[in-house]
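The values are calculated or read from the model by the stated rules, or taken from the named source; none is laboratory data. Nothing here was measured: the structure is a model prediction, and the numbers come from that model. Neighbour counts run over all protein chains shown; Cβ positions are idealised from the backbone, glycine included. Only protein heavy atoms, including side chains, enter the accessible area calculation; ligands, DNA and RNA are left aside. Shrake-Rupley method; radii C 1.70, N 1.55, O 1.52, S 1.80 Å.
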Amino acid sequence: MPRFLAFVLGVVVLTATGMTASADPPDPLAEYTAQPVKWAQCSGKLSELECATLVAPLDYTKPAGDRINLTISRKKAAAQDRRRGVLFTNPGGPGGSGLGLPLFLGKSELAQVYDVIGIDPRGVGGSTALNCRAAPAIA
């Protein structure tokens, strides 16, 4: 009986102080998902767009490990009063830049109501270059 009483008192103290015995651990990706996007005018052929660089973990299973930069672009929705959200585009691949896709889609109906986002995937253009080791020969 004394163990049960100690347990109950512990729960009462934790509850009264606003603490819980099963607090969620911190999100290891929070620093990436909460980072602000700092948009600035793109250069060259993409000067009609805004560009930004985001930081991402090289390996999402090791978020405290190596980091990479990813360059993204944006064309804001033409009809801001009817804006419905964001459309993220993917250039496919391998090896293709997607920064210009918002320009390509800029006259479409989608671009009227969505901010269109392009990306240079890892290893392409303004994003962190790939660093591949040679694969061993297959015998």
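Here the range 22-139 is assigned +1 on the Cβ of each Lys and Arg and -1 on the Cβ of each Asp and Glu. Its dipole about the Cα centre then comes out at about 340 debye. Taking every DSSP beta bridge that has both ends in the range 55-139, the antiparallel portion is near 65%.
For the range 104-125 and the range 38-95, write down the distance between their C-alpha centroids in whole Å. Computed from Cα coordinates, the inter-centre distance equals 9 Å.
Measuring r between the beta carbons of residue 40 and residue 110 and using R0 = 35 Å, the FRET efficiency lands at 0.90. For residue 122, the solvent-accessible surface computed with a 1.4 Å probe is close to 120 Å², ligands and nucleic acids excluded. Per-residue surface analysis assigns residue 81 an accessible area of about 140 Å², computed on protein heavy atoms at 1.4 Å probe radius. Ordering 111, 96, 56 by the projection of their Cα atoms onto the charge dipole of the range 26-139, which places +1 on the Cβ of Lys and Arg and -1 on the Cβ of Asp and Glu, puts 111 at the extreme positive end.
In the P(r) worked out for the range 68-139, what percent of Cα pairs fall beyond 14 Å? Looking at the range 68-139, the distances longer than 14 Å represent 62 percent of pairs.
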